[in-house]
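All remarks here apply to the structure that follows.
The values are calculated or read from the model by the stated rules, or taken from the named source; none is laboratory data. None of these values were measured; they are calculated from a predicted model. Backbone-built Cβ (ideal geometry, glycine too); neighbour counts: all protein chains shown. The protein model used for the area step is the full one, side chains on, heavy atoms only, and it has no ligands, DNA or RNA in it. Shrake-Rupley method; radii C 1.70, N 1.55, O 1.52, S 1.80 Å.
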Amino acid sequence: MRNKRKEVNSLSRGGQSSDNFLLRFLRGGSYGIYCWFLSIWNCILYILRRQYRSMRKYQVVKYQDIPLSPLTAQRLVIVRRKILVLDLDETLIHSHHDGVVRPMVQPGTPPDFVLRVHIDNHPVRFFVHCRPHVDFFLSTVSQWFDLVVFTASMEIYGTSVADKLDKGRGLLARRYFRQHCTMDYSGYTKDLSAIHSDLSSIFILDNSPAAYRNFRQNAIPIKSWFSDPTDTCLLNLLPFLDALRFTSDVRSILSRNQILQQLLVLTRFNTSLEVWYLYVFGLPVVVVEQFDRGDCVDILISGLLTPLSGDPSGFQR
């Protein structure tokens with residue numbers, strides 16, 4: 001009897017172990033199938049998010065090229081071609097690297113491209129987001145100015161980003177990096193005189209006022225950008241930049257940016273263009289939307305703004 005009971009117990013245990021093995025196998029298989037479907041679903045969502053951002057960021061853009069009048073054409077021949085210095089981070093692009101979570105970028109936001117560089121013999125990946133309309137902006141302003149990249153980032157990183165933005169077009173051939181900056185108590189500053197000795201024909205577009213604090217009369221501030229796909233700051237600057245190339249001295253207009261920077265803190269304008277029109281051209285904000293490049297050129301050349309004698313940076317209406 002005892003032997004029979006032992007046999008029955010052993011058989012029942014064997015049956016239970018086989019049942020447990022089958023359950024574990026089924027559970028493991030179900031979990032694997034679930035993970036497989038979840039990965040496919042995440043991949044589909046990633047592709048959809050990327051397509052959505054592409055549609056929002058790269059909408060059809062048309063900046064009408066108005067034929068120049070004889071007066072403006074003659075003016076453009078007389079004045080010297082200007083140099084536009086461009087910052088990278090938070091001005092044209094935004095990036096973050098492995099292991100860094102940025103609250104400004106929503107988790108799961110697909111980057112426009114990924115850079116793989118070695119810093120101190122360690123491989124680092126940078127996930128780079130391009131500001132909306134940056135490609136159109138670069139291709140347009142390169143027809144008006146000589147473009148220069150000046151970033152406080154390391155050369156190995158800045159070169160890779162500039163190469164991606166340039167796309168082999170030769171627009172961003174001149175580049176300056178962290179080693180070309182000046183280090184002081186508040187960080188890196190950019191010396192525009194090291195790029196071009198004639199400060200009347202060079203200006204910088206940068207989101208950081210500290211970077212150009214020694215050259216405030218040669219700077220255009222722009223709102224920092226991180227991930228907003230509906231941003232239009234670069235587009236909004238095109239009419240002003242198109243008109244600025246007709247001036248003989250950029251400081252005669254850009255010297256007013258000290259007032260502008262104070263207003264940008266106190267106001268809630270989405271872009272700085274309205275303030276430029278308001279305080280450079282002396283026009284009410286309600287008529288800003290009615291102006292285009294041709295209007296800016298006419299205002300700059302027609303003499304509505306004339307330099308004060310003995311002060312090239314002062315203007316009277």
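General remarks:
- Accessible area of Leu171 in the full protein assembly, 1.4 Å probe (Å², nearest 10): 40
- Proximity of backbone amide H atoms, modeled 1.01 Å from N, is registered between Ile202 and Ile83, Val250 at under 5 Å, excluding neighbours fewer than 5 places apart on the same chain.
- Contour minus Cα-Cα distance for Phe113 and Ser197 (0.36 nm per residue): 26.7 nm
- Each part gets one Cα centre, and for the range 184-226 versus the range 63-118 those centres are 15 Å apart.
- Efficiency of FRET between Asp228 and Ser69 - r from beta-carbon atoms, R0 30 angstrom, step 0.05: 0.20
- Rounded to the nearest 10 Å², the accessible area of Met183 at probe 1.4 Å: 120
- A protection proxy built from the mean count of other Cβ atoms within 10 Å ranks the segments 110-123, 80-93, most packed first, as 80-93, 110-123.
- Accessible surface for Ser208 stands near 40 Å², nearest 10, in the context of the full protein assembly shown (1.4 Å probe).
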